[in-house]
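Computed from the coordinates by the stated procedures, all read-outs in this text should not be read as laboratory data. Bear in mind that the values here come from a model prediction, so they are computed numbers and not experimental data. Here the Cβ is made from the backbone with ideal geometry for all residues, glycine too, and neighbour counts use every protein chain on show.
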Amino acid sequence: MADVSLKGEQRVFMTGNEVVAWAAVAAKVDIMYGYPITPQNEIMHYWTRLAPKYGKKFLQTEDEISAGFTMLGGVMTGRKAFTATAGPGNVLMQESAGMAEMMRLPAVFVIQQRGGPSTATVIYAQQETTLTAFGGNGEGHRLVYSTATHQELFDYTIKAFNSAWTYRFPTFVLGDGYQAKMRESLTIYEPEAKGVKLVQQQALVGENKPGKKFRHLRNTYNTEDELYEVVMANQREWDVMAKKVVEWSAEGCEDAEVVMVTHGVVSRAALSAYQQLRAKGKKAGFFRPITVRPFPDQQLADAVKGAKKVLVAESAYGQLLKMVKEALYGKNVELVPMLRPGIGITTEELIEEYNKL
Amino acid sequence: MADVIKIVLAGEGGQGVQSIAEILAEAANEEGKSALYIPNFGVEQRGGVSIAYVQISDGHIGAPKFQKADILIPLSARAVKRTKQHAGKETVYIYDNSLVQEAEVNDNIVGLQYFDVTPPCPVSNTPNDDLPQDLISGEPKTCSFTKSGPGIDPADIPADVARVIPIPANDIAKDELHPRVFNIIILGAVIAATKVLPMESIKTALEVKLGEKFKSNPKLREMNFTALDRGYQLIKNAVRRG
């Protein structure tokens, strides 16, 4: 791995998995809990190489269920902790993600999506979008950042820890196999030297000082009404958070006839397609949710106000499309899906699809 | 909107395609350009083709993969077939016309899988035995393709491309230099064909990557730089001849 440091700013060229490990160091994370699965293995590998140098810890567990729950244990005792997984590992981790929703634990999950269902491919997909946003037997009280570039992978991994420890909802960085394995340029930095304040972690259970009340977090409720009150309180707090954390990016939507909606790595292709189409005088627009949960509903509705068509492109069969439909319910605009489960979408293919409209 | 140079390199596992793609992209990054390199990876069996996608630009780089390459370099008969979809009207097509045997996939290694970016060497179970061990230490994935054979069939080369340049890189490596530097000849050829990076930047990148080995074996540096220049001249001469 590249021998770099976080002193000041450094332009580096590395894989996305390496970026995540460096970002966790930059965010002053205490410990990673993990279980190997392609294509996220190198996050663990790089972390285990960095950990001794920076006084950090690592625990490899027997599976993803355990990796998720041991992370929750670490978080409860006041350790800034994270885990990383993909595909079927993401499925297994939903149990612990659900507990983090119920107990309001600032757990951070990095997901490098691979093909599904089940083992499928180790390569790439966007088929874990619904799972990551709504997995678990709850209401999706979580925060999901969908990154597109290595710079974002670095920035949003740091942000994920800050958001998690600020709002106490489980927070996900949603990457994919392409982002995991590709190398590109980015600038890494020490967050606090750049004015990005790191939110301080603290113990969430126990309290041994005299006169202090013993803190306990509940995961089980006795009556329907009791649960209802708790879930509704969480919902209200999630709604308040949603307004503050929702992020999106929009280009040229004001006069666009067709707005392309994509997320994650596919939005790289969409941004290039947008630039090339505009250069040819076409009235194209670009809209991308950066948080897929909460989804920028209102912002999307505003962006497509004047558009005739919305082209939704994703490497899944309608997972982003479902979110777009919900955001645009009742709006008079035609949705044109470009659904490619488990396969990449190139700039050329998007332009070709656009030109068919 | 800046231009993006798109390069596809493809070869047999062990030919060193991924190493040179990485050196190329790193050198571009060092030059202050945007660079993106992605290998194809998966659960392929031995004998699989290794493909590297590299993009270099002064501005935004779109999707990590692309349809048509500006420069397409398949280095084995299998790689020619595997990369057909990347050949377009504006593609400069460089291939190795050495008469070498395509790697055989022995029955005993079929089904062995790899979980990395480079498929294992398909030639034998002890791929490096024929190479001087001091030159390849720490490079278990290197293997040489030195057995004579029919090579790439020119009839398989896509007809509708901007230009086809055959270069006998494997023969030169085998007969004049060393099988180990085959991929460095190809790297030199890529530099000449892309024209976006100065030769010096590649030499610096090689120093960074192989500096330790160069220090303990200066002959290795000389051989690598000779290979780089040979590859560069092969393309320059071909272009000059028109």
Exercise for the section: Taking chain A as the reference, fit the longest principal axis to its C-alpha atoms, fit the long axis of helix A:87-103 to the helix C-alpha atoms, and give the angle between the two in degrees, 0 to 90, nearest 10. Expected result: 60
Handout entry: Per-residue HN-Hα couplings for segment A:180-193 [Karplus 6.51, -1.76, 1.60; θ = phi - 60°; Hz; x = Gly/Pro]
Key = 5, 9, 7, 10, 8, 7, 7, 10, 9, 7, 8, x, 5, 5
Practice task
Multiply the residue gap between A:Arg215 and A:Gln60 by 0.36 nm, knock off their C-alpha separation, and tell me the result in nm, one decimal place.
Solution key: 53.0 nm
Practice task
Would you tell me the mean number of C-beta atoms belonging to other protein chains that fall within 10 Å of each C-beta in B:22-29, as a whole number?
Solution key: 3
Exercise for the section: Compare the peptides A:17-25, B:158-166, A:61-69 by average per-residue count of other Cβ atoms within 10 angstrom and give them in order, highest first. Expected result: A:17-25, A:61-69, B:158-166
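Applying a 10 Å radius around every beta-carbon, put B:11-24, A:214-227 in order of their mean neighbour count, most first.
Result, highest mean first: B:11-24, A:214-227.
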Exercise for the section: Please give the helix A:41-54 orientation as an angle from the longest Cα principal axis of chain A, in degrees from 0 to 90, rounded to the nearest 10. Expected result: 50
Practice task
Answer with one residue from A:Val122, A:Asn355, A:Val333: the one whose Cα lies farthest towards the positive end of the charge dipole of the protein assembly as shown, charges on Cβ with Lys, Arg +1 and Asp, Glu -1.
Solution key: A:Val333
Handout entry: Distance in nm between pseudo-label sites at A:Glu257 and A:Gln151 (7 Å out along the Cβ direction from Cα)
Key = 3.2
Problem - Table column - 3J(HN,Hα) (Hz), segment B:207-216, Karplus curve with 6.51, -1.76, 1.60, x for Gly and Pro - result: 4, 5, 6, 10, x, 4, 5, 4, 5, 7
Practice task
Amide H neighbours of A:Val312 under 5 Å, at least 5 residues apart or on other chains, H built in the peptide plane: list them.
Solution key: A:Val261, A:Val336, A:Met338
Handout entry: Average other protein chain Cβ within 10 Å of Cβ, residues B:63-71
Key = 6
Practice task
For segment A:78-154 and segment A:176-196, write down the distance between their C-alpha centroids in whole Å.
Solution key: 19
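Other chains near A:267-274: what is the mean number of their Cβ atoms within 10 Å of each residue's Cβ?
4
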Problem - Given charges at beta-carbon only (K, R positive; D, E negative), |dipole| of the protein assembly as shown in Debye - result: 1080
Exercise for the section: Starting from the Cα of A:Lys305, step 7 Å toward the Cβ, then list every residue of segment A:325-357 with an amide N under 20 Å from that point. Expected result: A:325-335
Fill in the blank from the handout: A correct Karplus calculation of ³J(HN,Hα) over segment A:344-357, with 6.51 cos²θ - 1.76 cosθ + 1.60, θ = phi - 60°, whole Hz and x for Gly and Pro, returns x, 10, 8, 4, 4, 5, 5, 5, 4, 5, 4, 5, 6, 6
Problem - Pair B:Ala162, A:Tyr329: separation of 7 Å Cα→Cβ label points (nm) - result: 5.1
Handout entry: Cα pair count fraction exceeding 32 Å, expressed as % - the protein assembly as shown
Key = 50
Practice task
Could you size up the charge dipole of segment A:92-176 around its Cα centre, putting +1 on the beta carbon of Lys and Arg and -1 on that of Asp and Glu, and report it in debye to the nearest 20?
Solution key: 160
